[in-house]
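The values are calculated or read from the model by the stated rules, or taken from the named source; none is laboratory data. These numbers were taken from a predicted model, which means no experiment stands behind them. No Cβ is skipped: glycine too gets one built from the backbone with ideal geometry, and neighbour counts run over all protein chains shown.
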Amino acid sequence: MERRQLGRTGVEVPILGYGTATLGHIEADVPMDAGVAALNHAIDRGITYLDTSPDYGSEPIVGEVMKTRRSEVFLATKCNLRTRDGVLRDMHDSLERLQTDHVDLLQIHAVNTHADLEAVLAPDGSIPGVEEARRQGLCRFVGITGHARPDVLARAIQEYPFDTVLVALGAADRLVSKPETVLLPVARERGTGVIAMKVLLHGEIDLRDLALRYSLGLDGVSLAIVGMKNQQEVDSAVDVAENFRPLSEQEEEQLIARAQELVHDDAQKSQQGEQGPLFWLRDTSTLAWTYDDEPALVAY
């Protein structure tokens with residue numbers, strides 16, 4: 001599998017990463033033994049970038065694998081809390097579940113509004129917490145994530161030297177928030193590693209091959225993280241990544257046309273008061289106003 005440099009970190013990562021939300025309770029609630037088997041199989045096939053979060057319920061599954069394979073992977077987790085002490089407390093709890101003494105990347109998660117970013121950058125906000133975590137050796141690199149507002153993330157990496165940015169970079173996002181225009185040029189200029197998520201439109205896109213290749217073909221993207229529930233889904237994604245080639249003009253037109261249909265259907269559900277499957281396109285909650293010491297909602 002092709003490997004690319006993750007921004008200015010100096011670390012090379014495979015172009016396909018494992019998004020472990022699909023192993024946790026918020027999605028499939030995969031049994032421990034099945035999740036461990038899927039992760040071990042993924043590492044065997046070259047997926048050595050693992051993405052998790054305390055929200056997902058997958059950290060214990062990842063931790064079971066880390067007992068024997070920690071040195072083989074680049075491990076990333078997240079923190080939703082917006083205070084220094086909250087970040088450090090969350091980090092220690094995550095490390096216990098992950099059965100390791102450090103992660104490679106700690107990401108401040110779901111920064112979807114400018115108000116949230118201001119809370120992150122405040123003197124007693126998330127940034128002092130992640131900086132202290134890095135000083136203590138609990139993490140190597142610091143990142144930021146967001147779903148619906150790439151302009152907020154662009155501002156974030158201009159105001160603080162985040163090592164990475166995790167952003168929704170699928171065909172639906174191109175139609176709604178245009179991150180390849182708003183964010184990616186800033187990331188390239190700043191040397192920020194770009195990690196693509198929601199590339200398969202939360203499993204809604206039937207053109208999975210084209211969808212993954214689209215995101216991997218965007219200028220400046222280091223890798224895409226994909227949710228996989230079992231070994232068969234791992235093999236399917238790896239086969240695409242190992243044979244990656246950019247989309248042809250005809251393939252891109254086909255993908256965008258299908259994404260337009262899905263975005264339209266999702267918008268109609270939203271207008272009827274339902275939550276559609278492309279929920280992140282409207283994720284503008286300000287977690288700094290929702291969280292105190294304990295999370296009051298899940299953001300993923």
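Given (1) over 28 Å from Pro14 (Cα atoms); (2) polar (S, T, N, Q); (3) touching a Ser or Thr at 6+ places or on another chain (Cβ under 9 Å); (4) not in a loop (DSSP other than H, G, I, E, B), where does Ser222 come up short, assuming only one miss?
Of the numbered conditions (1) over 28 Å from Pro14 (Cα atoms); (2) polar (S, T, N, Q); (3) touching a Ser or Thr at 6+ places or on another chain (Cβ under 9 Å); (4) not in a loop (DSSP other than H, G, I, E, B), the odd one out for Ser222 is (1).
Suppose the filter is among the hydroxyl-bearing types (Ser, Thr, Tyr) and either within 26 Å of Gly125 (Cβ to Cβ) or at pLDDT below 95 (or both); does Ser58 pass it?
yes
Starting from region 242-262, keep only residues that are in a helix (DSSP H, G or I), then list their pairs with residues that are surrounded by 11 or more Cβ atoms within 10 Å (Cβ to Cβ) and not aliphatic (A, V, I, L, M) whose Cβ atoms are within a distance under 7 Å, requiring at least 6 positions of separation or different chains.
Taking only residues 6 or more apart or on different chains, the pairs are Glu252/Tyr214; Leu255/Tyr214; Leu262/Glu204.
Residue pairs, Cβ under 7 Å, 6 or more apart or interchain, first in region 93-105 and in contact (Cβ under 8 Å) with a residue 40 or more places away in the chain and under 20 Å from Phe141 (Cβ atoms), second assigned to a loop (DSSP other than H, G, I, E, B) and of a type in the set (A, V, I, L, M). List them.
Final answer for the pair search is Leu95/Leu138.
I need the full set of residues from region 155-189 which are under 27 Å from Glu131 (Cα atoms), charged (D, E, K, R) and touching a strand residue (DSSP E or B) at 6+ places or on another chain (Cβ under 9 Å), in order please.
Once the filter is applied, which keeps residues that are under 27 Å from Glu131 (Cα atoms), charged (D, E, K, R) and touching a strand residue (DSSP E or B) at 6+ places or on another chain (Cβ under 9 Å), region 155-189 yields Asp163, Arg188.
Taking region 1-21 as the search range and keeping residues that are out of contact with any helix residue (DSSP H, G or I) (no Cβ under 8 Å at 6 or more places or on another chain) and part of a loop (DSSP other than H, G, I, E, B), which one is surrounded by the fewest Cβ atoms within 10 Å (Cβ to Cβ)?
Gly10
Would you point out the residue of region 147-160, among those that are crowded, with 20+ Cβ neighbours inside 10 Å and either touching a Ser or Thr at 6+ places or on another chain (Cβ under 9 Å) or touching a residue at least 60 places away in the same chain (Cβ under 8 Å) (or both), that is nearest to Met197 (Cα to Cα)?
Restricting to residues being crowded, with 20+ Cβ neighbours inside 10 Å and either touching a Ser or Thr at 6+ places or on another chain (Cβ under 9 Å) or touching a residue at least 60 places away in the same chain (Cβ under 8 Å) (or both), the top hit is His147.
Just to be sure, is Val30 among the hydrophobic types (A, V, I, L, M, F, W, C), touching a residue at least 40 places away in the same chain (Cβ under 8 Å) and closer than 24 Å to Asp101 by Cβ?
Answer is no for this residue.
Would you list the helices (runs of 4 or more DSSP H) that sit entirely within region 146-212 and hold 3 or more residues that are more than 19 Å from Phe279 (Cα to Cα)?
150-159, 179-182, 184-190
Would you pick out the residues in region 180-195 that are buried (at least 22 other Cβ atoms within 10 Å of the Cβ) and either more than 25 Å from Phe74 (Cα to Cα) or polar (S, T, N, Q) (or both)?
Residue satisfying the conditions is Thr192 alone.
Out of Ser236, Ser248, Ser222, which single residue is of a type in the set (S, T, N, Q), more than 18 Å from Ser177 (Cα to Cα), surrounded by fewer than 22 Cβ atoms within 10 Å (Cβ to Cβ) and touching a Lys or Arg at 6+ places or on another chain (Cβ under 9 Å)?
Exactly one residue qualifies, and that residue is Ser236.
Name the pairs whose Cβ atoms lie under 9 Å apart, with the first residue in region 217-228 and among the charged types (D, E, K, R), the second surrounded by fewer than 24 Cβ atoms within 10 Å (Cβ to Cβ), and 6 or more positions between them or separate chains?
Hits for this filter: Asp219/Glu180; Asp219/Leu184; Asp219/Pro185; Asp219/Arg188.
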